Each structure stands twice: as structure tokens, then as C-alpha cells.
Amino acid sequence: NHDEIWSYKNEHIYGNYAYKIHFGEATLSMGLQAGINLLGADYSRLDLQHPDGDASFYNIVNEIKPNFGTGVFYHTKNYFLGFSVPFILNNEVASSVGELIGGIKESRYYFLRGGAIFPITRNNNVKFNPSTLIRAQEGQPLSFDLNAAVVFYDVFSLGTSYRLGDSFITFIDLKLSEKIHFGYSYDLTSSDIRGFSNGTHEFMINFRSVIRKIHGNPEC
């Protein structure tokens with residue numbers, strides 16, 4: 001994952017593993033992820049009147065910082081609920097910024113997601129998928145997303161989302177095969193920074209594979 005906002009760059013390289021336990025029509029999934037983070041800032045790209053007068057604008061040099069996360073996800077035919085902590089370690093991503101500012105650290109955050117899937121047509125080829133995502137980060141106010149999507153033939157999803165006080169989002173998800181999903185979203189900013197942002201685009205390719213020697217059950 002590569003995020004870039006003008007002088008800032010944020011990169012994540014992570015691998016994910018999930019194990020499923022079936023309870024009749026219900027399934028409990030448990031997941032782990034591990035990888036590295038890199039964060040940097042190149043203030044030479046900014047047009048500053050006095051670039052050497054403020055230690056806040058000294059460059060942040062990338063450092064490799066390992067991290068890991070975990071989560072659980074429970075779902076039935078029509079309902080689902082999940083909780084995750086994507087990054088457990090509060091890594092120091094920059095040991096110093098100039099002489100006046102101390103280290104910069106990542107703050108741990110938590111996600112709670114729940115929703116439902118209801119058939120719209122009699123043959124279940126079209127479904128309605130409302131959901132909500134509650135986000136909590138240490139030292140920050142609670143926020144949440146309200147989402148609504150329509151799923152066609154369990155292959156193509158089209159939806160919209162509202163992030164409290166921040167943005168409106170549209171998204172699509174396409175199931176290319178049992179192993180590969182493609183996703184795209186456009187984030188239209190509605191907060192006070194909308195005068196400086198034209199929105200963001202996000203593309204995603206998701207690849208899933210069963211490790212048969214570990215799972216044994218091909219449905220895991």
C-alpha cells in the first residue's frame with residue numbers, strides 16, 4: 001500500500017492469514033497480519049518562505065518499522081460482525097524532527113464492523129448490504145461510517161458510504177474469480193479541507209488462496 005499526500009509518503013507491505021471455523025451455517029474467522037511500515041516527508045517540495053527557520057519542516061527519513069495486527073469476524077447467512085486491531089505496536093516512525101520536536105509515533109486504532117445482507121429479488125440474485133464501521137484511535141474522537149451496497153449475483157457490488165464529518169464515498173467491488181477481487185473507491189471530502197483536496201482514488205486487488213496442508217478443509 002502506497003499513500004502520498006504532497007510531501008508525505010506512507011508505505012505498508014503486509015501479508016495476511018485467516019483461519020475459519022464452521023458452526024453449521026455460521027462461520028468464525030480469525031486473522032493475523034504482519035509486515036513493515038515506512039513513513040517519510042520531503043519538505044523541499046514545499047514552497048516555504050523560511051525553510052530553515054522552523055524545525056517542524058525538517059525532513060523525516062524513512063525507517064523500517066515492523067508491526068502486526070489481528071482480528072475476528074463472525075458471519076451467518078444474513079448477518080456479520082467483526083473486530084480488528086490492524087496495527088498493535090505504537091511504533092516510533094521518526095525518532096526526531098529537528099531539535100525542537102520529539103519522536104512521532106503511530107497511535108493504535110480499533111475497528112468494529114457489523115451489517116446485514118438481505119435478498120431483494122426472489123431468486124436471491126440481487127441483495128442489499130447495509131453496514132456500519134466504528135473507528136476508535138487513541139487520542140482521537142470516535143468516528144463511524146454508514147455504508148449501503150447492492151450486490152449482483154454475488155459477483156459485482158456497487159455502493160456508497162458517508163464518513164461522519166469527513167467525506168462521501170462511492171465504491172465498486174468485482175469478483176474476478178474465487179481467488180481474486182478487484183475494488184475501486186472515490187472519496188469526496190466534505191470537511192474543512194475540501195478547499196485543498198479534490199478527493200482521493202483508491203484501487204485494490206485482493207488475492208486469496210487456501211493452504212491445504214494447514215487447513216485440510218478446502219472451505220477454510
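Okay, here's what the table says:
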| read-out | value |
| --- | --- |
| First in the range 64-81 and touching a residue at least 24 places away in the same chain (Cβ under 8 Å) and open to solvent by 50 Å² or more (accessible area, probe 1.4 Å), second anywhere and of a type in the set (Ser, Thr, Tyr) and not in a strand (DSSP E or B), Cβ under 6 Å, 6 or more apart | none |
| Residue count, the range 127-138 (criterion: surrounded by fewer than 13 Cβ atoms within 10 Å (Cβ to Cβ) and of a type outside the set (Asp, Glu)) | 0 |
| Where a residue in the range 18-39 is aromatic (Phe, Trp, Tyr) and its partner, wherever it lies, is open to solvent by 40 Å² or more (accessible area, probe 1.4 Å), with Cβ under 7 Å and at least six apart | Tyr19/Met30 |
| Any pair with Cβ under 6 angstrom, 6 or more apart, that starts in the range 129-151 at a residue that is more than 18 Å from Phe118 (Cα to Cα) and ends at one that is not in a strand (DSSP E or B) and not polar (S, T, N, Q) | Ala136/Leu142; Glu138/Arg108; Ser143/Leu164; Phe144/Leu164 |
| Set Lys179, Lys175: member being open to solvent by 70 Å² or more (accessible area, probe 1.4 Å) and of a type outside the set (A, V, I, L, M, F, W, C) | Lys179 |
| Residues (open to solvent by 70 Å² or more (accessible area, probe 1.4 Å), of a type in the set (Ser, Thr, Tyr) and modelled with pLDDT of 85 or more) located in the range 19-47 | Tyr19 |
| Which numbered condition Asn16 misses (of (1) at pLDDT below 80; (2) outside any loop (DSSP other than H, G, I, E, B); (3) surrounded by 12 or more Cβ atoms within 10 Å (Cβ to Cβ)) | (1) |
| Residue within the range 141-155 that is exposed (fewer than 13 other Cβ atoms within 10 Å of the Cβ) and modelled with pLDDT under 90 present | yes |
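The values are calculated or read from the model by the stated rules, or taken from the named source; none is laboratory data. Every value quoted in this text rests on a predicted model; they were computed, and no experiment measured them. Quick reminder, even Gly has a Cβ in these numbers, built from the backbone with ideal geometry, and neighbours come from all protein chains shown. Protein only, heavy atoms only, side chains kept; ligands, DNA and RNA dropped before computing areas. Shrake-Rupley method; radii C 1.70, N 1.55, O 1.52, S 1.80 Å.
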